[in-house]
Amino acid sequence: MSKTKSSNKFINTIDECISNGVNNGIFQVSVEDQILNGREVTINGRKVVSFGSCSYLGLETDDRLKHGAIDATLRYGTQYSSSRLFSSCNLYEEVESLFYKIFDNHHSILAATTTLAHLGALPVMVQDDDLVILDHQVHGSVQLAVQQLKARGTKVEMIKHNRMDLLEDMIKANPNRYNKIWYMADGLYSMYGDYAPLKDIAYLLDKYPTFHVYIDDAHGMSWAGKNGNGYVLSQMPLHPKMVLTTSLAKGFGTGGGVTVLHDKEMHRKILTCGSSYTFSGPVQPPMLGASIASAKIHLTDEIYLLQNKLAQKIKMTRNIIDQYDLPLVLPSDSPIFYLGLGLPRVGYNMVKRLLDEGFYTNIGIFPGVPVKCCGLRLAITNGQSDEDIKNVLEAFHYHFPRVLEEEGQTVENISANFDLPFEQTSKRYTAVSVKESADLDIQLEPTINNIDKTLWNDSLGDNGTFDWEGCKFLEETYSNNPEQENNWKFHYLVIRDQKKQPVLATFFTELLCKDDMIASADASRQIEEDRKKDKYFLTSKVVMMGSLLSVGDHLYIDRKHTSWKPAVLEMIRIMNEVKIKSGATAVQLRDIDTNDTELSDFFIKEGLVKIEMPDTHVLHNADWRNEEEYMMKRLSTKSRWHFRRNILDKREHYNVVVLTGNKNVKAEQINEWRRLYKNVKDKSLNINTYELPAKYFENIVNHPNWEVVELRLKTEDQPLVAVGFSYISAKNNYSIMAVGMDYTYVLSHGCYRQSLYQSVVRANELKCGKLYLGMDASIEKKKFGVDVIQKSVFVQAADNFNMELIGAVYSQQQKITRNDDLKLIGREAA
């Protein structure tokens, strides 16, 4: 996959995670009821109590709302098909006048959805010379609307969740640079059920004249506040520099989104210019009728009876959770409770068990929460009885130790994943035993010298540059260097059965890795500007399968062996132990076949996130007798034309010099290689790594497996214009690992294409079984008749911070503050 398609990577990553849940019967469940009662749903022919609804007050089944919808339908029809720019149903005036009262005599605008409310308001309110600061957990619908601002050039930055100190630092750092500074956050966050620090926000609003707040209180509406006007307004009045947006599709019991603001002129301008109101369809009459009925309830004392009823249920829920010492992630008095489970497979197991007990529940997984912070998300509503709540928590209490035992997990594992103590939970469930793994023999070594050479080459020697000698070269090259990024720690893992037969073999390295390694080139270009000031900006220590100087299948598994899955679990456990001990931030399992669905599903259930890597290019069986046969056997008609015109016709420009074995070169020549290599490295941001150390070029000089192919012009001074560095493996495969070029001759003399072709020539001369051409530059490499191999990296991190996410952030002009504090947590798409 070319880097031009990198914008799809994150979508594909989400697709893999969600689809895994769908295949396990967790997501996209269809309820089979003909009539819903707000308490139960029918799944797979069975009535179960629902704990997945966000209709906190249970108003969706209130007869008054139903009759309001019916009456409006009978009077106005099922739709009023016109944007508000031209005309609107008069029910709009009635419902917005009711909202005026609910929101303490502040102006409001009703949109068809909360997302459309954001899209209608933000591009009108926020100016090009404003600064937008996003809480990194602000809802995805807000972030979607902010994309419109970025497209206009508005500066957008992001800070760690609820870090008011970082927010104030950013305000202070920009006292007169921007017209307004906007902070965008949620009132109640929809996964863990935690709140925005509203007292601190109010303090900052009063302190800094240019500071403004845009807050989404979708999950706070109705169950809190005067007249049910929401959690935010229950804690503070609407500040003159605050704009509030909320949802009618949760506690309010209907549908739509409402924007509430002080400024009457801005109210007019949004309604006049906001795209959601000028170009989109309106809220339709049935929903307007239902919203009027709900608003009238909100303006009576009945709303407080409903709030108090829910408050009692929330209090009871919290008491039972405390009674059973369940792993509650963030205690609060909201109707959202999140019970930590850790790995996705643990969450899947619990949800299935609760469904069998008669309870439909939801779990949080990536990207809604960090990859190893899966948990049960219980939404408490007035539709549930007290007995329902007691029974579901009793069922969780009963199944919790059994799920942990079945999945080979402990409370301590969950505690480590969430970085929370769960002390009482741990004491209560200490009797839980962990499943014994298969009877496997594990060999973990710090150097390839301790690994049997034949075993290693038979397992991994056919896959690239990391046969036994190749690994020894890496160890010698990446040690005792002056730069910390060029000193790696190696681990070689062989797992055997009791008959001493290898089930799994791999190697992994502890190293510094740029967080944007496989992000877009545009993202990396922006980050590299910051690295001019701080070389290690957005750089993390990782435990990486393989290394930064190896491409290919780094993981040998005997898939026919009955213990291959336990062996893989042992590998993940060992890599995580190394991660913890070394202080690394993530485990990366690299170069896994993208189309291996069995292994992908296995990794995802273990809390690893799948991210597509740039395509790998391999030419198999370089055994043609001449160039004509090569063209006919390997190249398409179009590629043959390219080959004749751009390769053969320009070959006469060059003298090709192949340096093998003891290359007998001087320091000046090595420096010239490095200079040409650096030309390429400085431009190659598609795979963004630190440059090769000086020792690499020095060590290949006398190494028998490395060769250097030079392209020199046939002129009097024979200048060196391109160079390729390639490795010949024990299994007689050829890998071009790095190139250097003088870009003056790329277009005029085709030196890059010629360098690629000379690797093809060498592979043919050596009768190699495979030629590895590496990643990137797919358009050029495909013209040589290569096979394109799709690979993925599976990332298991302490939080949601990973290479692809940081790349996506930077490509959208968001700049992250404080690398050591990052936790890019995606938001649910509710």
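What's the magnitude of the charge dipole for the chain around its Cα centre, counting Lys and Arg as +1 and Asp and Glu as -1 at the beta-carbon? Answer in Debye, nearest 20.
Dipole of the chain, to the nearest 20 debye: 1500 debye.
Can you figure out the FRET efficiency of Met164 with Leu420, using R₀ = 30 Å and their beta-carbon distance, to the nearest 0.05?
For Met164 and Leu420, the calculated efficiency is 0.90.
Once you've got the Cα coordinates, tell me which of Lys514/Lys681; Lys714/Lys781; Lys714/Lys770; Lys101/Lys313; Lys180/Lys532 are over 21 Å apart.
Cα-Cα > 21 Å for Lys714/Lys781; Lys714/Lys770; Lys101/Lys313; Lys180/Lys532; rest within.
What full-extension length gain, to one decimal in nm, is calculated for Lys226 and Ser636 as 0.36 nm per residue of separation minus the Cα-Cα distance?
140.4 nm
Could you order peptides 763-773, 623-633, 15-25, 219-229 by the average number of other Cβ atoms within 10 Å of their residues, highest first?
In decreasing order of mean packing, 763-773, 623-633, 15-25, 219-229 become 219-229, 763-773, 15-25, 623-633.
If I stretch the segment between Asn646 and Gln148 completely, what's the gain in nm (0.36 nm per residue apart, minus their alpha carbon distance), one decimal?
Value of the extension gain: 175.0 nm.
What number comes out for the charge environment of Asp263, summing +1 per Lys or Arg and -1 per Asp or Glu over other residues with Cβ under 12 Å away?
Computed value for this residue: +3.
Report the gain in length on full extension from Asn621 to Cys273: 0.36 nm times residue separation, minus Cα-Cα distance, nm rounded to one decimal.
Extra length available between Asn621 and Cys273 comes to 119.0 nm.
For Ile102, what charge total do you get from the other residues with a beta carbon under 12 Å from its beta carbon, if Lys and Arg give +1 and Asp and Glu give -1?
Overall, the nearby charge balance is +1.
Among Gln34, His67, Ser55, whose Cα lies farthest out toward the positive end of the dipole of segment 1-157, if unit charges sit on the beta carbon of Lys, Arg (+1) and Asp, Glu (-1)?
Final value for the positive-end residue is Gln34.
Towards the positive end of the charge dipole of the chain, with charges on Cβ (+1 Lys, Arg; -1 Asp, Glu), say which of Gly546, Gln758, Asn487 has the farthest Cα.
So the residue furthest toward the plus end is Gln758.
If packing is taken as the average number of other Cβ atoms within 10 Å across a peptide's residues, how do 297-303, 143-149 rank, most packed first?
143-149, 297-303
Distance between Cα centroids, segment 328-378 to segment 660-730: provide it in whole Å.
53
If you put +1 on each Lys and Arg Cβ and -1 on each Asp and Glu Cβ, how big is the dipole of segment 201-342 around its Cα centre, in Debye rounded to 20?
The calculation lands at about 240 debye.
Summarise the accessible area of the chain (1.4 Å probe, protein heavy atoms) by the percent that is carbon and sulfur.
Carbon with sulfur: 49 percent of the solvent-accessible area.
Which shape class, rounded, prolate or oblate, goes with segment 547-597 when its Cα gyration tensor gives a ≥ b ≥ c as root eigenvalues, a/c under 1.5 marks rounded, and past that a/b bigger than b/c marks prolate?
Oblate, because a/c is 1.5 or more while a/b does not exceed b/c.
Using a Förster distance of 25 Å, how high is the FRET efficiency between Ile580 and Ile442, based on the Cβ-Cβ distance and rounded to 0.05?
0.90
For Ile70, tell me the accessible area in Å² from a 1.4 Å probe, rounded to the nearest 10.
Counting only protein heavy atoms, Ile70 exposes about 90 Å² to solvent.
Under a plain spin-label model, where a point goes 7 Å from the Cα along Cα-to-Cβ, how far apart in nm are Glu32 and Ile779?
Roughly 5.3 nm, to one decimal.
Among the aspartates and glutamates, select those whose C-alpha is under 19 Å from the C-alpha of Lys666, and discard any that sit fewer than 8 residues away in the same chain.
Glu698, Glu707, Glu710, Asp717
Please give the residues of segment 201-229, grouped as numeric ranges, whose backbone N is less than 20 Å from a label point set 7 Å along the Cα-to-Cβ vector of Val124.
212-218
Quick one: putting +1 on the C-beta of Lys and Arg, -1 on the C-beta of Asp and Glu, what dipole do you get for segment 704-787 around its Cα centre, in Debye to the nearest 20?
In debye, rounded to 20, segment 704-787 gives about 400.
What distance in nm lies between label points placed 7 Å from Cα along the C-beta direction at Gln501 and Asn671?
5.7
If you take the beta carbon distance between Gln484 and Asn595 as r and set R0 to 41 Å, what does 1/(1 + (r/R0)^6) give as a FRET efficiency, to the nearest 0.05?
Computed FRET efficiency for Gln484 and Asn595: 0.65.
Work from the charge dipole of the chain (Cβ charges, +1 for Lys and Arg, -1 for Asp and Glu, about the Cα centre) and give the residue of Val657, His267, Gly740 farthest towards its positive end.
The one lying farthest along the dipole's positive direction is Val657.
Report, to the nearest 10°, how far helix 114-125 tilts away from the longest principal axis of the Cα atoms in the chain, using its own Cα long axis and a range of 0 to 90°.
Approximately 80 degrees, to the nearest ten.
Between the alpha-carbon centers of segment 235-251 and segment 450-502, tell me the distance in whole angstrom.
With segment 235-251 and segment 450-502 each reduced to a Cα centre, they are spaced 58 Å.
Just one of (1) 15, 50, 30, 4, 0; (2) 12, 33, 33, 17, 5, 0; (3) 14, 40, 31, 14, 1 is P(r) over Cα pairs in 20 Å bins from 0, in percent as worked out from the coordinates here. Which one is it?
The value computed from this structure is option (3).
Could you let me know the centre-to-centre spacing of segment 757-778 and segment 60-84, using Cα atoms, in angstrom?
68
Write down the accessible area per residue of the chain in Å², having rolled a 1.4 Å probe over the full set of protein chains.
Normalised by residue count, the accessible surface of the chain is 40 Å².
Just grab the label-to-label distance for Asn319 and Ser83, each label 7 Å out from Cα along the Cβ direction, in nm (one decimal).
5.4
Sorted by average packing, counted as other Cβ atoms within 10 angstrom per residue and highest first, what order do 376-389, 497-510 take?
Final packing ranking: 376-389, 497-510.
Near Asn349, within a Cβ-to-Cβ distance under 12 Å, what is the net charge of the other residues, with Lys and Arg +1 and Asp and Glu -1?
Summing Lys/Arg as +1 and Asp/Glu as -1 gives +1.
The values are calculated or read from the model by the stated rules, or taken from the named source; none is laboratory data. These figures come from a predicted structure and were not determined experimentally. Every residue, glycine among them, receives a Cβ derived from its backbone with ideal geometry; neighbour counts consider all protein chains shown. When the accessible area is computed, the model is the full protein with side chains, heavy atoms only, and any ligands, DNA or RNA have been set aside. Shrake-Rupley method; radii C 1.70, N 1.55, O 1.52, S 1.80 Å.
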